[in-house]
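Written out below as structure tokens is the structure these notes cover.
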Amino acid sequence: MAMTVELPIRENADVTASSAPSGRLPRWARPALGLLLPLGLALAWEIIVALGLSNGRLVPPPTKVFATIAELARSGELARHITATLTRVLAGFGFGVIAGTLLGAVSGYWGLARRLLDPTVQALRAIPSIAWVPLFILWLGIFETSKVALIAVGVFFPVYLGVMGAILSVDRKIVEVGRAFRLSGPAMIRRILLPAVLPAYVVALRVGLGLGWMFVVAAEFMGASEGLGYLLVDGQQLGKPAQILAAIVIFAILGKTTDWLIEIASAPLLRWQDAFGRADGAA
């Protein structure tokens, strides 16, 4: 009797669930939705300046900012500055990720290494980024090496913490299952630890990349003659707020683009996740 009642209820529930609207946005509409807030704020400020409620001298309207970007693009300066900054960020990001991943994996997997390394790393992490500038200039000079090293330092710490913390938080029961199946050390890493660590590792990469974009500004204050940080300094010294805002807008666009590329690259590796955040189609 119980079975004859339960099965129709489940069938009806499945039909209801499948017929209910999912409420998901079309794939093409998701990026557009994210643009609503910045475009709305820009339009509101443009209207405020056009109505004379503000003179727009210290905070120029978006039309003037984009006119400055177009002028820099026509002169060829924009491509030169973007290339210089992007090259520094990618180089520093690569070195920081390699060092952070290796030391984080060693500290997370090996208790003795964690007791030896982690206190020193945590102490170094508390040092402000600007404090490294004179030391790197003294050690490495004022050219590209010191700039890349400073960016790598900024990327290193979140990647190190993310990898170490992810390994330490792996469910012990999963590891015991691997041992029950007598997996070797490399097999345990490949089949148990790596899938468990990967989601947190992707987050650590995104945080590290964001800090890399922040540290490149401090790096380009070290006597740079090109780069978006140089545009910021040049705009401040010459009293060009439109140029300052133009550099900030380009920083935002490049930062979001590179973050999006990490999301796209990592999506196939995380497709197995049945996480809450994927229920609404967000990815």
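Which of the residues spanning the range 53-74 are open to solvent by 60 Å² or more (accessible area, probe 1.4 Å) and more than 32 Å from the chain's Cα centre (by Cα)?
Listed by number, the residues that qualify are 53, 55, 57.
What's the total number of residues in the range 178-197 that are out of contact with any helix residue (DSSP H, G or I) (no Cβ under 6 Å at 6 or more places or on another chain) and surrounded by 12 or more Cβ atoms within 10 Å (Cβ to Cβ)?
So the answer is 9.
State yes or no: is residue 261 touching a Ser or Thr at 6+ places or on another chain (Cβ under 8 Å) and surrounded by fewer than 18 Cβ atoms within 10 Å (Cβ to Cβ)?
Criteria not met by residue 261.
Taking interchain pairs and intrachain pairs at least six residues apart, which have beta carbon atoms under 7 angstrom, with the first residue in the range 97-126 and among the polar types (S, T, N, Q) and the second open to solvent by less than 40 Å² (accessible area, probe 1.4 Å) and in a helix (DSSP H, G or I)?
Pairs that qualify, where the first residue is among the polar types (S, T, N, Q) and the partner is open to solvent by less than 40 Å² (accessible area, probe 1.4 Å) and in a helix (DSSP H, G or I), are 101/159; 101/163; 107/113; 107/118; 107/164.
Among the residues of the range 64-73, is any closer than 30 Å to residue 241 by Cα, among the polar types (S, T, N, Q) and modelled with pLDDT of 90 or more?
yes
Taking helices (runs of 4 or more DSSP H) that do not extend beyond the range 178-259, which have at least 2 residues that are of a type in the set (S, T, N, Q)?
Fully inside the range 178-259 and qualifying: 228-237.
Being without any contact (Cβ under 8 Å) to a residue 24 or more places away in the chain, open to solvent by 20 Å² or more (accessible area, probe 1.4 Å) and farther than 19 Å from residue 110 by Cα, is that true of even one residue in the range 207-215?
No, the range 207-215 has no match at all.
Are there any pairs with C-beta distances below 8 angstrom linking a residue in the range 61-90 that is in contact (Cβ under 8 Å) with a residue 12 or more places away in the chain and over 24 Å from residue 145 (Cβ atoms) to a residue that is of a type in the set (D, E, K, R) and in a helix (DSSP H, G or I), with the two at least 6 apart or on different chains, and if so which?
Cβ pairs passing all conditions: 61/46; 62/46; 63/46.
Which of the residues spanning the range 142-162 are open to solvent by 30 Å² or more (accessible area, probe 1.4 Å) and of a type in the set (S, T, N, Q)?
Hit for the range 142-162 is 145, nothing else.
The values are calculated or read from the model by the stated rules, or taken from the named source; none is laboratory data. If you're wondering where the values come from, they're calculated on a predicted model, not measured in any experiment. Please note: Cβ atoms are built from the backbone with ideal geometry, for glycine as well, and neighbour counts cover all protein chains shown. We work out accessible area using only protein heavy atoms, side chains counted, and drop any ligands, DNA or RNA first. Shrake-Rupley method; radii C 1.70, N 1.55, O 1.52, S 1.80 Å.
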